[in-house]
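The structure appears right after this line, and notes come after that.
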Amino acid sequence: MSPVSLTRYLIEKQHADGRIKADLRLLIEVVARACKAISVAIGKGALGNVLGSADEENVQGEVQKKLDVIANEILLDANEWGGHLAALASEEMEHPHPIPHRYPKGEYLLLFDPLDGSSNIDVNISVGTIFSVLRCPDGVTEPDESAFLQPGSRQVAAGYAVYGPSTLLVLTVGDGVAVFTLDRERGSFMLTADNLRIPEDTREFAINASNQRWWQPPVQRYIGELLAGREGPRGVDFNMRWVASMVADVHRILSRGGIFMYPRDNKDPAKPGRLRLMYEANPMAMIVEQAGGAASTGLERILDVQPTGLHQRIPVILGSRNEVERVAGYHAAG
Ligand code: F6P
Ligand code: MN
């Protein structure tokens with residue numbers, strides 16, 4: 001069979017099983033095109049004068065990198081005029097971005113983390129873009145923050161791009177997970193894996209161990225057991241990996257299994273975790289569940305959390321189902 005481009009994959013999803021509407025197809029293609037442009041900007045590195053700090057802080061109080069700002073602008077410019085969106089929201093913007101009145105409006109809400117893991121950009125390690133698509137609530141014509149505050153189970157699509165040795169786009173529209181690799185000569189994303197499945201068991205974990213002294217008892221117990229290895233209660237050795245780009249860590253887990261944890265800790269009582277619910281945890285949780293894995297805060301399924309703020313933080317434990325369920329069990333045991 002001839003290679004399947006993202007365009008063909010989406011058109012077949014639209015026509016064959018009616019899974020997506022034409023506007024959602026357009027939305028995903030526009031996001032993919034923006035990711036191609038971001039990939040080009042990142043690929044220039046120091047030659048493109050795109051590395052380093054933008055000398056500004058975002059809404060999280062984090063110093064923005066030049067590429068954070070560039071990636072955010074690429075996604076905004078690409079998405080605001082096509083008529084497929086009712087509004088956008090980004091990690092880099094405090095409030096939702098309305099569609100300018102001169103453009104038509106559509107029925108979807110798009111949320112994104114334009115450049116995830118951006119502290120890695122200056123040292124040439126993989127970074128990515130994460131996105132989530134919701135429906136604008138019925139009857140809402142000028143969506144504000146409250147229109148976005150829907151549980152992750154209502155996402156109609158989610159995905160991420162990884163800018164690594166190759167640029168990949170990983171996508172779900174709610175019927176499994178597909179991976180597309182950017183063919184730089186053709187300029188197209190080509191389907192390279194479909195119906196991904198995360199192994200239910202794993203011997204690999206990902207956590208920032210420098211936070212160990214602030215972890216809560218269930219996480220201390222779980223990681224302690226993994227570190228005890230063959231001599232401990234698990235009776236096997238575990239390996240650890242931590243890229244510090246969520247996209248790269250999650251992609252490894254999607255590819256070969258593993259458990260990723262950025263749990264709640266006692267470091268800063270104002271922050272119930274590091275990662276953001278709406279444009280990091282929710283899209284990743286949908287992808288992981290669609291690949292047969294699990295995603296939990298420790299206390300509940302991430303996709304069931306009722307959001308209270310666009311930029312709220314949440315504990316994240318995701319990946320191989322049996323390990324995630326074990327950690328949730330340790331939380332339930334107190
Ligand atoms: O977006 C937040 C993020 O950069 C994730 O991509 C990554 O998993 C995490 O933070 C890294 O955190 P830390 O700096 O604590 O290792
Ligand atoms: Mn991020």
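The values are calculated or read from the model by the stated rules, or taken from the named source; none is laboratory data. Not measured: the values here are computed from a predicted model. Here the Cβ is made from the backbone with ideal geometry for all residues, glycine too, and neighbour counts use every protein chain on show.
Please go through region 88-105 and give me each residue that is more than 16 Å from C136 (Cβ to Cβ) and in a strand (DSSP E or B), ordered by number.
S90 - this is the single residue of region 88-105 that is more than 16 Å from C136 (Cβ to Cβ) and in a strand (DSSP E or B).
If you go through region 126-146 one residue at a time, do you hit one that is more than 16 Å from ligand 2 (Cβ to nearest atom), under 21 Å from the mean Cα position of the chain (by Cα), part of a loop (DSSP other than H, G, I, E, B) and modelled with pLDDT of 95 or more?
yes
Taking N79 as the residue in question, decide whether it is assigned by TED's automatic domain parsing to the domain that holds V173 and buried (at least 19 other Cβ atoms within 10 Å of the Cβ).
Yes: the conditions hold for N79.
Say whether the condition of being among the β-branched types (V, I, T) and within 12 Å of ligand 1 (Cβ to nearest atom) is met by at least one residue in region 216-238.
No: region 216-238 contains no residue that is among the β-branched types (V, I, T) and within 12 Å of ligand 1 (Cβ to nearest atom).
Are there any helices (runs of 4 or more DSSP H) wholly within region 223-334 with 3 or more residues that are within 16 Å of ligand 2 (Cβ to nearest atom) and under 26 Å from L109 (Cβ atoms), and if so which?
Details: elements: 246-256, 282-290, 321-332.
By residue number, 246-256, 282-290.
Could you list all residues from region 209-260 that are without any contact (Cβ under 8 Å) to a residue 40 or more places away in the chain, touching a helix residue (DSSP H, G or I) at 6+ places or on another chain (Cβ under 8 Å) and under 27 Å from D122 (Cα atoms)?
Selection gives A209, Q212, M240, R241, W242.
Residues are listed down the side, and each one gets a yes or a no for (1) surrounded by fewer than 19 Cβ atoms within 10 Å (Cβ to Cβ); (2) among the aliphatic types (A, V, I, L, M):
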residue: C35; (1), (2): no, no
residue: N49; (1), (2): yes, no
residue: A54; (1), (2): yes, yes
residue: V59; (1), (2): yes, yes
residue: D68; (1), (2): no, no
residue: N72; (1), (2): no, no
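Given S132, S146, S153, which one is touching a Pro at 6+ places or on another chain (Cβ under 6 Å), of a type in the set (G, A, S) and closer than 20 Å to N282 by Cβ? Steps first, answer last, please.
Values: S146 fails: touching a Pro at 6+ places or on another chain (Cβ under 6 Å); S153 fails: touching a Pro at 6+ places or on another chain (Cβ under 6 Å).
The match here is S132.
Mind listing whichever residues of region 106-125 are more than 24 Å from P143 (Cα to Cα), of a type outside the set (D, E, K, R) and more than 10 Å from ligand 2 (Cβ to nearest atom)?
N120, I121, V123, N124, I125 - these are the residues of region 106-125 that are more than 24 Å from P143 (Cα to Cα), of a type outside the set (D, E, K, R) and more than 10 Å from ligand 2 (Cβ to nearest atom).
With the condition kept exactly as written, say whether any residue in region 253-260 is more than 10 Å from ligand 1 (Cβ to nearest atom), closer than 22 Å to S210 by Cβ and among the hydrophobic types (A, V, I, L, M, F, W, C).
Yes: region 253-260 contains one or more residues that are more than 10 Å from ligand 1 (Cβ to nearest atom), closer than 22 Å to S210 by Cβ and among the hydrophobic types (A, V, I, L, M, F, W, C).
Any idea which of (1) among the basic types (K, R); (2) crowded, with 18+ Cβ neighbours inside 10 Å; (3) farther than 18 Å from S118 by Cα is the one R276 doesn't satisfy?
Of the numbered conditions (1) among the basic types (K, R); (2) crowded, with 18+ Cβ neighbours inside 10 Å; (3) farther than 18 Å from S118 by Cα, the odd one out for R276 is (3).
Could you list, in sequence order, the residues of region 61-79 that are of a type in the set (A, V, I, L, M) and either within 9 Å of L115 (Cβ to Cβ) or modelled with pLDDT under 95 (or both)?
At the first step, the residues of region 61-79 found to be of a type in the set (A, V, I, L, M) are 63, 67, 69-71, 74-76, 78.
Passing the criteria: V63, L67, V69, I70, A71.
Output yes when any residue across region 99-115 is of a type in the set (D, E, K, R) and farther than 24 Å from L24 by Cα, and no when none is.
Taking region 99-115 first, the residues of a type in the set (D, E, K, R) are 102, 105, 107, 113.
Now narrow it down to the ones that are farther than 24 Å from L24 by Cα: none.
The answer is no; no qualifying residue exists.
Given the conditions (1) surrounded by 15 or more Cβ atoms within 10 Å (Cβ to Cβ); (2) touching an Asp or Glu at 6+ places or on another chain (Cβ under 7 Å); (3) aliphatic (A, V, I, L, M), report the number of the one that V63 does not fulfil.
Condition not satisfied by V63: (1).
Just to be sure I understand the filter: pairs with C-beta atoms under 7 Å, separated by 6 or more residues or on different chains, first member in region 54-75 and within 19 Å of S39 (Cβ to Cβ) and outside the structural domain of Y279 (by TED's automatic domain parsing), second member among the aromatic types (F, W, Y) and surrounded by 14 or more Cβ atoms within 10 Å (Cβ to Cβ). Which pairs pass?
L75/F112
Within region 1-20, track down each residue that is at pLDDT 95 or above and outside any helix (DSSP H, G or I).
Passing the criteria: V4, S5.
For region 239-252, give me each residue that is near ligand 1 (Cβ under 10 Å from one of its atoms) and among the charged types (D, E, K, R).
Residues of region 239-252 near ligand 1 (Cβ under 10 Å from one of its atoms): 242-250.
Correct list: D249 only.
Test of understanding: among R256, R234, which residue is charged (D, E, K, R), within 18 Å of R197 (Cβ to Cβ) and modelled with pLDDT of 95 or more?
On the way: R234 fails: within 18 Å of R197 (Cβ to Cβ).
One residue alone meets the criteria, R256.
Among the listed residues R197, R186, identify the single one that is in a loop (DSSP other than H, G, I, E, B) and closer than 15 Å to A295 by Cα.
Criteria check complete, one pass: R197.
Take A34 and decide whether it is part of a strand (DSSP E or B) and away from ligand 1 (no atom under 16 Å from the Cβ). Show your work before the answer.
Values: part of a strand (DSSP E or B): no; away from ligand 1 (no atom under 16 Å from the Cβ): yes.
Here the answer is no, as A34 does not meet what is asked.
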